[in-house]
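Since the structure comes first, as structure tokens, the remarks are kept for the end.
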């Protein structure tokens with residue numbers, strides 16, 4: 001066999017491939033991949049939708065009570081409590097916004113190295129989100145405490161507005177509400193931190209592999 | 001891009017260019033189950049890449065780029081985590097091998113497998129008739145570097161051919 005015959009033998013593969021593809025198997029693999037991607041997208045969208053609904057609901061609720069506070073000329077303590085709870089909501093919104101991670105670079109060329117760089121940029125982005133676990137936790141904490149404080153303000157101001165004779169009767173309720181709030185907050189925080197640590201470990205391994213691959217590709221130059 | 005459109009493009013790419021996937025899987029996979037695993041991985045990545053394809057290079061060039069990137073990443077992953085994997089566990093029945101195969105083709109693949117990982121990519125592209133310019137675009141190497149490497153690969157293959165001919169291949 002000479003060089004030309006070798007090329008001829010090689011190129012014959014394109015017209016008569018040495019294997020055939022099991023169409024059912026590849027379709028199954030694609031369906032599984034498609035289902036996985038869809039699950040991820042749906043879960044992300046559900047999270048966003050939930051965030052928007054809760055956020056909008058809270059904004060409407062807060063606006064309503066601020067209007068009532070202003071028109072009724074309430075006690076300064078309630079105005080301060082309302083202000084603090086609104087500040088906490090703002091802090092929750094800020095930390096959530098800051099915890100979203102930096103946008104990944106999108107403009108890459110067509111070379112193999114650029115393809116690896118594109119994958120690396122995506123992993124860097126995912127890592128930048130996973131590494132900032134303290135921010136979503138701070139956001140969740142601020143949101144929960146803000147909600148509690150705001151509800152207390154509304155509840156107590158209602159008691160006063162209706163001249164409640166036994167304001168201490170709601171004290172136990174607020175105590176248990178606060179306990180549940182703190183327990184839920186601590187539990188959610190640890191849960192989030194654990195999940196983010198696991199994700200971070202996986203992403204760091206992938207990032208290391210991609211960097212090695214990129215270094216190997218660059219070293220060929 | 002609509003889901004149906006993406007699947008249509010993917011199906012047409014697989015129909016027309018499946019040989020690229022076979023070649024890359026054959027060159028970078030050591031055993032049959034490795035090749036099946038890698039073939040599936042490449043097919044999935046090609047399917048994902050359909051949306052990112054902007055038409056600024058030909059589909060074979062694009063598919064080669066995705067396939068080689070996937071294969072190189074797969075090799076590194078397998079080297080670390082794939083030890084001791086049982087062939088039966090990995091076999092997916094994705095590739096159907098016909099009964100008779102040209103033994104000269106196996107010989108070519110064996111020679112390519114003797115090259116280092118980066119030069120395997122170049123050998124594949126060279127044998128498929130890509131120009132130096134296209135190879136440099138796909139692999140991100142300078143054209144002169146590609147030319148130098150291709151000359152070495154050609155010389156090595158020619159020497160092997162001469163040796164085999166001497167022994168009566």
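Worth pointing out:
- The listed peptides B:19-29, A:3-13, ordered by packing as a protection proxy, come out as B:19-29, A:3-13 (highest mean of other Cβ atoms within 10 Å first).
- Residue mean of other protein chain beta carbons inside 10 Å, A:1-14: 6
- Förster radius 35 Å - calculated FRET efficiency between residue A:68 and residue A:183 (Cβ-Cβ, nearest 0.05): 0.65
- Nearest-0.05 FRET efficiency for residue A:80 and residue A:28, computed from C-beta distance (R0 41 Å): 0.10
- For region B:100-169: Kirkwood Rh in Å [reciprocal of mean 1/r, alpha carbons]: 12.9 Å
- FRET efficiency for residue A:216 and residue B:48, using Cβ-Cβ distance with R0 set to 22 Å, rounded to 0.05: 0.45
- Translational diffusion of region A:23-62, µm² s⁻¹ [Kirkwood Rh, Cα pairs; Stokes-Einstein; 20 °C; 1.002 mPa s]: 176 µm²/s
Values in this text are rule-based calculations from the coordinates and carry no lab data. Values in this document were obtained by computation on a predicted structure and should not be read as measured data. Neighbour counts run over all protein chains shown; Cβ positions are idealised from the backbone, glycine included.
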